[in-house]
Amino acid sequence: MEQVQEKQRTEEFDASEIEYVSYGGEHHLPLIMNLVDQELSEPYSIFTYRYFVYLWPQLSFIAFHKGKCVGTVVCKMGDHRDSKFRGYIAMLVVIKPYRGRGIATELVTRSIQVMMESGCKEVTLEAEVTNEGALALYGRLGFIRAKRLFRYYLNGVDAFRLKLLFPQPEELHPFLPTMADRDDTQNHDDHSPREEYSELHRHL
Amino acid sequence: MDRHALHQPSSSSSSSIPATANTVWTDASPLLEVACKDLRDGELIHVDNFNLYAAMSALEIMDPKMDSGIVNRYCSVDEAIEDGVAPVPISTDKTTDVQCMIDIMDHLLTCEATWHKGHSLAQTVFSCAYLLRPERTSSHALLHSYCKVIRATCKAVITVVSDARTHEEEDLFTMAYGLPLTPSSKRKPLEDIEPLQTNFDLEEGYCKALLCRLRFRKHFFHVLTCMRRPQGRGLELARKHIASCISELGVILKSAEFLMSNAHGTCEDATEDRTTASGHQAIGFDASLNSRISAPTPPRSIKILSWKKAIEYFEKLLHDLDIMCSYPLDPSLEVLLRFVAQFQKAQPDLVARAHLQLLLVQDGKLYGKCPMFSLIIRAARLPEVFLHHDIQKNEYVVQLGQLVINMLKILCTNAAWQRRKLGKILQDWRVIYVQIELAFRKDFGEGSSISNGDNASARILKHILIWVDEQTYWISHRFLILGFELELYSPSEYCMVYWYLYVVLIRLAEKTHLKMTVSDGSGKYTSTSCMFSFQGQRPELRSKNVCVV
């Protein structure tokens with residue numbers, strides 16, 4: 001899905017003033033929706049939001065500054081092929097004046113923490129190949145570029161499938177991921193059927 | 001709902017949609033209101049299998065971002081035509097009519113290029129109302145025949161791409177439901193020759209401008225039909241048409257000066273974004289005309305390529321097709337693989353790649369003439385006498401042939417998809433190796449030295465095994481190298497990738513060397529020249545930052 005991370009004019013604040021809250025219920029939903037709607041051009045229906053926050057409320061976080069919602073991360077997790085329990089970061093947004101200060105990193109980190117504790121083996125997401133901010137953020141967190149998805153987004157831009165592999169205690173060489181791990185057997189078409197809905201690939 | 005309500009005149013202010021034999025429209029607002037009042041916050045009526053896919057494809061009706069029906073100016077093409085969107089003739093003034101005709105031709109070219117680049121046919125080429133109602137243009141000879149050739153060209157291109165179909169890249173491209181692509185059979189008799197338009201001074205300029213555009217269309221259509229001829233028989237002729245196309249494109253470009261300076265009206269767009277040579281907006285186009293058949297995708301405005309960029313696109317396409325046409329259809333797999341790898345470096349677009357794939361694999365044979373078995377025999381450096389050996393019927397050998405076909409098709413796809421698929425087929429190549437090896441051991445025992453002429457089957461299998469090994473390493477090598485082109489590796493990972501490449505290339509060289517020494521020694525290539533060709537790949541790796549292990 002989409003990640004927004006460009007640096008522009010900033011708001012003055014101290015990092016300690018940012019409050020991170022786990023998704024708490026229906027009252028948080030319009031905040032998340034407004035944030036994502038205003039920053040992203042793709043339309044997500046209310047069903048989409050509800051799908052994520054109702055099934056995995058513990059994976060979504062909101063950042064507040066003095067009572068104002070300034071950022072959010074929305075995720076899911078579940079069984080994947082080869083019975084790999086995998087986390088997925090669907091949306092990540094921080095409003096422009098608050099970017100470049102580590103809020104997004106903090107949001108993502110909290111979510112990944114919960115995923116790890118819940119038994120996920122890995123975390124994935126898609127990001128535009130031109131989205132340098134997101135690629136740098138996730139790169140710093142240890143995500144690798146597992147695949148390139150041709151013309152994934154409707155404006156014709158390619159995407160990287162980013163993947164973070166959690167070290168598994170039973171592996172002999174946890175620091176040498178094999179090439180097979182990077183590029184697993186998953187097709188992105190198992191998120192949505194290919195034929196008429198290729199445009200929806202953008203959202204997944 | 002009260003049935004009687006259906007027969008009362010509609011009280012709502014929405015535009016009335018006439019009832020037909022199969023449909024009657026009724027107002028569902030009251031029902032929805034009741035339902036809304038009844039549902040609590042966050043409550044959703046859904047079935048158990050309402051998953052993410054269902055959520056994603058759900059629309060909020062009347063939300064302009066999601067509902068294709070809400071943004072239309074017109075409910076249908078016919079309504080747009082009634083509103084005067086696509087007049088025939090385009091103008092009563094002959095000069096203006098010609099100018100507009102040329103604008104339409106130019107804009108169609110940009111739409112076509114935009115379509116080729118991966119947007120929907122319905123929103124690009126068929127945003128032209130003239131194309132959507134073919135029978136309307138019959139009184140305007142030029143417009144009518146031009147529309148015909150556009151439809152025929154689109155149909156030919158769609159056929160090529162869907163015949164080459166390997167994966168989802170082609171799906172959006174070939175979606176043409178409900179669009180009038182089949183040509184009508186009527187033929188009009190030739191009309192008397194008359195001047196194009198009334199301004200004598202401008203006649204030559206407009207004739208030239210029109211002529212080059214018509215000629216381009218004709219030659220381009222011939223390129224497509226020539227290239228489709230089986231077994232590459234039409235390639236030489238295709239090259240001639242390609243050359244004509246390119247020359248006509250040059251004349252088209254030059255016509256811009258004349259067209260811009262004589263453009264009708266005052267509003268001109270001389271910027272790089274303009275979609276016509278004259279700078280004028282072409283008449284008769286509306287991208288939302290087909291939004292109903294473009295559903296269920298959300299409404300989306302497409303940026304049509306500029307006129308200059310469209311010409312550049314066609315120049316590149318023709319150039320790529322020309323390279324294909326000049327390829328001598330070498331029966332050597334090694335030469336072919338090198339050609340395909342080189343061809344892909346220019347990042348050809350879908351239409352070019354689809355043509356390549358159809359050229360290489362037709363009817364399960366290479367170029368439609370060489371059976372896979374003969375390809376394998378040559379690749380394994382076995383003497384030609386084995387070309388008719390019975391072992392070609394062996395199930396594993398047949399399967400191996402399929403793997404080669406599959407590999408060739410994959411090598412013609414876009415780099416991103418290609419790499420993923422190459423990674424997956426490595427497994428298949430390994431499995432076939434094991435299967436053939438087991439069969440070899442079962443039939444011929446463990447002995448590694450087989451004397452020539454003694455047991456042909458054993459010799460063939462042994463050679464094939466070595467070649468399968470070599471080919472597997474070749475695939476691995478390509479898989480790794482493509483990662484650089486796709487920017488998958490971060491600098492901190494280069495060491496790891498180089499290490500894998502080193503291992504793979506050493507093995508590849510070993511297998512190639514082994515293949516040479518085991519064969520008759522009649523091969524043209526020595527093992528050293530192979531080593532050098534692999535080393536030739538190294539410079540592009542050295543240009544990145546290397547951390548020395």
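Since every read-out is calculated from the coordinates, none of them should be taken as a lab result. As the structure is a computational prediction, the values presented were derived from the model and not from experiment. Note: ideal-geometry Cβ built from the backbone for every residue, glycine included; neighbour counts use all protein chains shown.
For trypsin sites (Lys or Arg not before Pro), no site in the stretch A:131-165 is both called loop by DSSP and has at most 15 other Cβ atoms within 10 Å. Between the beta carbons of B:D390 and B:R441, assuming R0 = 25 Å, the FRET efficiency works out to 0.80 to the nearest 0.05. Think of the stretch B:297-352 as having a plus end and a minus end, set by charges on the Cβ of Lys, Arg, Asp and Glu; of B:A310, B:L336, B:A352, B:A310 sits farthest toward the positive end of this dipole. Spacing of the modelled spin labels on B:V47 and A:Y20, each 7 Å from Cα toward Cβ, amounts to 4.0 nm. Near B:V160, within a Cβ-to-Cβ distance under 12 Å, what is the net charge of the other residues, with Lys and Arg +1 and Asp and Glu -1? Net local charge, B:V160 excluded: +2.
Panel order for B:T517, B:T225, by other beta carbons found within 10 Å of each beta carbon, from fewest to most: B:T517, B:T225.
FRET efficiency for the B:W25 to A:L40 pair, using the beta carbon distance and R₀ = 35 Å, is estimated at 0.50.
Inside 10 Å of the C-beta atoms of A:156-166, what's the mean count of C-beta atoms belonging to other chains? Going residue by residue through A:156-166 and averaging, the value is 2.
Take the Cβ-Cβ distance between B:Q342 and A:E132 as r, set R0 to 51 Å, and report the resulting FRET efficiency rounded to the nearest 0.05. With R0 = 51 Å, the Cβ-Cβ based efficiency is 0.95. Show me the GluC sites (Glu not before Pro) within the stretch B:372-467 that DSSP assigns to loop and that have at most 16 other Cβ atoms within 10 Å of their Cβ. Those that pass, being in a loop and sparsely packed, are B:E446.
I'd like the mean, over residues of B:163-173, of how many other protein chain beta carbons sit within 10 Å of each residue's own Cβ. The shielding value for this peptide is 3.
Legend: mean number of C-beta atoms from other chains within 10 angstrom of residue C-beta atoms, peptide B:478-485, equals 1.
Neighbour counts of other Cβ atoms within 10 Å put B:T512, B:T153, B:T20, A:T48 in the fewest-to-most order B:T20, B:T153, A:T48, B:T512.
By the count of other C-beta atoms within 10 Å, a proxy for reagent exposure, B:W417, B:W115 are ordered fewest to most as B:W417, B:W115. Pull out a ≥ b ≥ c, the square roots of the eigenvalues of the alpha-carbon gyration tensor of the stretch B:41-184, then state rounded if a/c is under 1.5, prolate if not and a/b is larger than b/c, and oblate in the remaining case. Oblate, because a/c is 1.5 or more while a/b does not exceed b/c. When the C-alpha to C-alpha distance is required to be over 19 Å, the pairs from A:K84/B:K421; B:K218/B:K303; B:K208/B:K240; B:K240/B:K316 that qualify are A:K84/B:K421; B:K218/B:K303; B:K208/B:K240.
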